[in-house]
Amino acid sequence: MYMTKNSKPAEQPWIDPDDAPEWTEDHFRRAAVYKDGKLVKPADGTWTKRGRPKSADPKQQVTLRLDAIVLEKFRAMGPRWQSRINAELRKALGL
């Protein structure tokens, strides 16, 4: 969008710097440090954890060939059919 001669820039609301929380030692430790516009020390860590928590026993993806009828029967059971195959394999192995 182009500004015309008569248009005025949108006014930004004034934010009082005194409303900002005080920085702790942890804030300073994690902050990126710049000197003369060049990055001296990159930021260390994030404030929030992203994604799902890591599983203690993660599953592994494999390629497995199954008989068409076996696959059809498990898929007919509805959602989470892959989990049911895993449960049946565990049961067959006595796990």
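Could you pull out every one of the aspartates and glutamates with an alpha carbon less than 18 Å from that of Lys91, ignoring same-chain neighbours closer than 8 positions?
Excluding near neighbours in sequence, the set is Asp57.
Does anyone have the angle between helix 81-93 and the longest principal axis of the chain? Alpha-carbon axes, 0 to 90°, nearest 10?
Helix 81-93 sits roughly 50 degrees off the main axis of the chain.
For the chain, what's the relative contact order in percent, using C-alpha pairs closer than 8 Å and at least 6 residues apart?
On the way: 26 pairs, mean separation 10.0, N = 95.
Value for the chain: 11 percent.
What range in the chain is the longest one free of chymotrypsin sites (Phe, Trp or Tyr not before Pro) that are in a loop by DSSP and have at most 16 other Cβ atoms within 10 angstrom? Could you put the intermediate results ahead of the total?
Values: sites that count: Tyr2, Trp14, Trp23, Trp47.
Of all site-free stretches, the longest is 48-95.
Hey, could you grab the Kirkwood Rh for the stretch 19-60? Inverse mean 1/r over distinct alpha carbon pairs, Å, one decimal.
13.5
Per residue of the chain, what 222 nm ellipticity follows from adding -39500 (n - 2.57) for every DSSP H run with n ≥ 4, rounded to the nearest 500? Could you put the intermediate results ahead of the total?
Details: 3 runs with 28 residues, N = 95.
Helix-only estimate at 222 nm: -8500 deg cm²/dmol.
Taking only the alpha carbons of the chain, what extent do you get along each of the three principal axes, in Å, biggest first?
70, 45, 28 Å, listed from the longest principal axis down.
Using unit Cβ charges (K, R positive; D, E negative) and no other charged atoms, how large, in debye to the nearest 20, is the dipole of the chain about its Cα centre? Walk me through the numbers on the way to the answer.
Numbers: 19 positive and 13 negative charges, 178 e Å.
Here the size comes out at about 860 debye.
Only the coordinates and a few stated rules stand behind these numbers; no lab work does. Owing to the predicted nature of the structure, the values given are computational and were not obtained by experimental measurement. Backbone-built Cβ (ideal geometry, glycine too); neighbour counts: all protein chains shown.
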